[in-house]
Amino acid sequence: MEVLIALSVGVMTACGVYLVLRASTFPVVVGLTLLSYAVNVFLFSMGRLKVGAPAVIDPLADGYADPLPQALVLTAIVIAFAMTAFVIVLALKARDELGNDHVDGKGGNLPDDKEAGA
Amino acid sequence: MMHWVIVPVLLPLIGGLLQLVARRFGLPAQRVLGLALTGGLMAVAIQMLILAQAGDTLVYNLGNWPAPFGIVLVLDRLAAMMVLLTSMLALAALGYSSVMRVDEQGSHFHVLFQLQLFGLNGAFLTGDVFNLFVFFEVLLLASYGLLLHGSGAERTRAGLHYVVINLIGSTLFLFAVGALYGAVGTLNIADMAQKVAAAPAERSGLIAAAGLLLLAVFALKAAMFPLYLWLPQAYANTSAPVAAFFAIMTKVGVYAIIRVHGTVFGEQAGVLAWLHMPWVLAGGLVTLVLAALGVLAARNLREQVAYLVLASVATLLVAVGLNRAEALAAGLYYLLHSTLLAGAFFLLADLIRRSRGVASDRFGVVARMHGGRWLGIGFFFAAVALAGLPPMSGFIGKIMILDAALAHPWRWIVLASTLVASLLILVALVRSGSFLFYRPQEMALVEDSQLGEPPRKSALWIIGSMLVTAPLLVLFAGGVMEFTNETAKQMQQIPEYIEAVLGNPLSGEEQRMP
């Protein structure tokens with residue numbers, strides 16, 4: 001299980017970094033989302049991976065899962081969700097004001113703008 | 001008495017909610033409420049400074065959970081100083097935006113402003129790393145809204161870069177905090193300092209990696225090389241009061257380095273002690289030189305002031321990186337000076353831009369302006385102070401940092417880059433000042449068609465009241481330095497900090513007693 005989790009965090013982070021470095025805003029937003037997924041799984045695994053262990057005190061249990069990372073992940077999910085919503089709206093606003101979806105606003109107007117204008 | 005510590009966090013939060021309601025009564029009501037709230041916050045901050053002045057580290061257990069399990073707020077001299085500085089800067093920025101009607105350009109300016117204060121004060125007061133992350137997110141989300149306040153394609157472009165880079169920074173913050181938690185099993189800063197000191201040798205590599213990743217996040221907030229490229233465009237393109245208020249935002253990054261790294265990787269940490277110091281010093285020196293070149297190369301006044309903010313934060317990083325109590329004390333003195341002066345300079349640049357009309361604040365277009373005399377005096381005053389010339393406070397701050405640097409093995413590099421950077425900044429400011437204020441006088445006969453609006457008296461008063469802190473900091477340098485010395489010493493007494501946080505009895509029992 002450790003290998004699987006480590007691989008999934010690594011692959012998601014790599015994809016996220018690749019997408020964040022793209023020049024259009026949409027891949028950047030998807031990349032940020034992937035990075036936040038990766039960090040959520042990473043945070044979760046920092047409480048050590050255990051199967052079937054209770055988080056709340058149980059006299060019969062022989063071990064406990066750490067509940068704190070789960071609370072951290074919950075907070076991180078909520079924040080990442082709000083941030084994603086915000087950055088999508090901002091990307092749309094930039095697309096509207098700069099005339100294209102390049103992160104620097106370069107590259108002229110998109111073809112569909114001209115069609116829509118014509 | 002005990003509850004004072006949480007008031008600076010709660011007051012802006014409730015204030016933000018009230019502003020949402022006050023929106024129905026129009027902007028004048030919001031302005032009055034905002035100024036009243038920020039003034040109240042300043043009064044609270046002064047009260048907290050008096051509390052912290054006694055030298056104790058005051059700890060507030062949220063929800064009355066004892067320290068390593070619950071989240072704590074910690075008030076010491078440094079936190080009290082930062083909260084007071086923030087409220088002073090906020091009051092000036094809010095006053096300016098009310099006078100110049102900047103808040104009309106978009107909605108929810110006052111709400112976001114209060115929430116920004118909420119995030120800042122929380123970040124200064126918290127004693128928990130994950131809570132620090134949450135407050136960082138609060139202040140960042142509010143700052144995104146404030147940065148984009150008003151409109152314009154340039155502002156949106158710079159805002160997009162700022163938002164994306166800070167979101168990546170937040171992700172890295174979570175990675176670093178997660179790795180630290182995985183390695184030592186705690187999030188409380190005091191507890192973490194203890195656990196890192198006691199960590200087995202095979203863990204130290206992981207802890208070092210997580211600590212340096214966390215340093216990268218704080219360096220991003222503080223705009224340290226090579227993570228400073230977002231700052232000049234973002235600050236130069238936003239509205240003036242927001243840029244002035246953001247002069248404190250980079251200082252939050254420096255504060256977090258002093259607080260988290262200074263405590264966790266202090267001298268008790270064994271092999272990991274002072275792990276971050278060479279990085280902070282080297283990054284600060286490179287940033288300082290590049291910022292000075294940026295000041296020289298800037299194409300308009302606002303961009304120049306943005307690079308001046310960068311130079312001031314780089315000087316601060318150098319002071320922290322020297323790793324001596326005297327250097328830190330001098331750095332904190334410099335922090336007070338540079339934050340207020342940089343804020344004033346942003347507001348002044350806005351007035352100059354407005355009074356030059358279509359020429360805006362570009363260098364390269366000669367234009368006459370209204371009220372050039374007062375603006376020129378203000379510019380001269382601010383430039384002398386920020387370039388670090390005597391008799392202003394910047395000179396005292398810098399000379400004390402250099403004095404402390406003499407004992408450091410890198411002293412020649414520190415001296416050379418600080419002095420060369422100061423010279424470059426001085427040359428650039430002399431050039432832009434004479435361009436803006438002397439050359440138009442030669443062309444006084446040219447038609448007045450392109451003049452902008454004259455500067456408002458009330459705006460000049462606000463800027464004047466900020467500028468006057470420079471000579472005040474010189475006049476009261478003895479008292480202020482005594483305070484920053486005590487603060488720097490307190491930051492080095494890590495066992496006392498740990499003792500105060502972890503040995504704190506539950507406050508509820510005392511509260512129930514009449």
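Work out the FRET efficiency for B:GLN492 and B:LEU35 from their Cβ-Cβ distance, taking R0 = 30 Å, and round it to the nearest 0.05.
0.20
Using only the Cα atoms, what convex hull volume per residue in Å³ does region B:362-444 have?
In region B:362-444, the Cα convex hull volume per residue is 88 Å³.
Gap in Å between the Cα centre of region B:174-200 and the Cα centre of region B:236-292?
Centre-to-centre distance over Cα atoms comes out at 21 Å.
If you wrap a convex hull around the C-alpha atoms of region B:71-225 and split its volume per residue, what is the figure in Å³?
118
So which chymotrypsin sites (Phe, Trp or Tyr not before Pro) in region B:42-107 are both in a DSSP loop and have at most 13 other Cβ atoms within 10 Å of their Cβ?
B:PHE69
Tilt of helix B:77-99 relative to the longest C-alpha principal axis of chain B, in degrees (0 to 90, nearest 10)?
For B:77-99 against chain B, the angle is about 30 degrees.
Using the 2.2 N^0.38 Å rule of thumb for compact globular proteins, work out how region B:1-132 stacks up: its C-alpha Rg over that value, please.
1.10
Where the eigenvalues come from the Cα gyration tensor of chain B, what are the semi-axes √(5λ) of the equivalent ellipsoid, largest first, in whole Å?
Computed over chain B, the values are 37, 27, 20 Å.
Suppose every Lys and Arg Cβ carries +1 and every Asp and Glu Cβ carries -1, with no other charges. What dipole size does region B:2-504 come out with about its Cα centre, to the nearest 20 debye?
Computed about the Cα centre, the dipole is about 1160 debye.
Using a 10 Å cut-off around each Cβ, can you sort B:LEU348, A:LEU90 from fewest to most neighbouring Cβ atoms?
A:LEU90, B:LEU348
On a 29 Å Cα-Cα criterion, which of the cross-link pairs B:LYS195/B:LYS221; B:LYS195/B:LYS398; A:LYS50/B:LYS195; B:LYS398/B:LYS457; A:LYS106/B:LYS251 come out too long?
B:LYS195/B:LYS398; B:LYS398/B:LYS457; A:LYS106/B:LYS251
Compute the long axis of helix B:129-147 from its Cα atoms, compare it with the longest principal axis of the Cα atoms of chain B, and write down the angle in degrees, 0 to 90, nearest 10.
So the helix axis and the longest Cα principal axis differ by about 10 degrees.
Can you give me the orientation-averaged projected area of the convex hull built on the Cα atoms of the protein assembly as shown, in nm²?
The number I arrive at for the protein assembly as shown is 32.0 nm².
So what is the calculated 222 nm ellipticity per residue for the protein assembly as shown, using -39500 (n - 2.57) for each DSSP H run with n of 4 or more, over all residues, to the nearest 500 deg cm²/dmol?
Rounded to the nearest 500, the figure is -23500 deg cm²/dmol.
Taking Cα atoms, how many degrees apart are the long axis of helix B:27-53 and the longest axis of chain B, rounded to 10 and kept between 0 and 90?
Approximately 50 degrees, to the nearest ten.
Report D for chain A in µm² per second (integer): Stokes-Einstein, Kirkwood Rh on Cα pairs, 37 °C, 0.692 mPa s.
D = 194 µm²/s.
Under a Cβ-Cβ cut-off of 13 Å, what is the net charge of the residues other than B:PHE483 that fall near it, where Lys and Arg count +1 and Asp and Glu count -1?
Combined, the nearby Lys, Arg, Asp and Glu give -1.
Taking a temperature of 10 °C and a viscosity of 1.306 mPa s, what whole-number D in µm²/s does Stokes-Einstein yield for region B:319-461 with Rh from Kirkwood over alpha carbon pairs?
Roughly 95 µm²/s, to the nearest whole number.
Please tell me the relative contact order of chain A in percent, rounded to the nearest whole number, where contacts are Cα pairs under 8 Å and at least six residues apart.
Relative contact order for chain A comes out at 22 percent.
A short reminder: the numbers here are calculations on the coordinates, not readings from a lab. These figures come from a predicted structure and were not determined experimentally. As a convention, Cβ positions derive from the backbone with ideal geometry for all residues, glycine included, and neighbour counts pool all protein chains shown.
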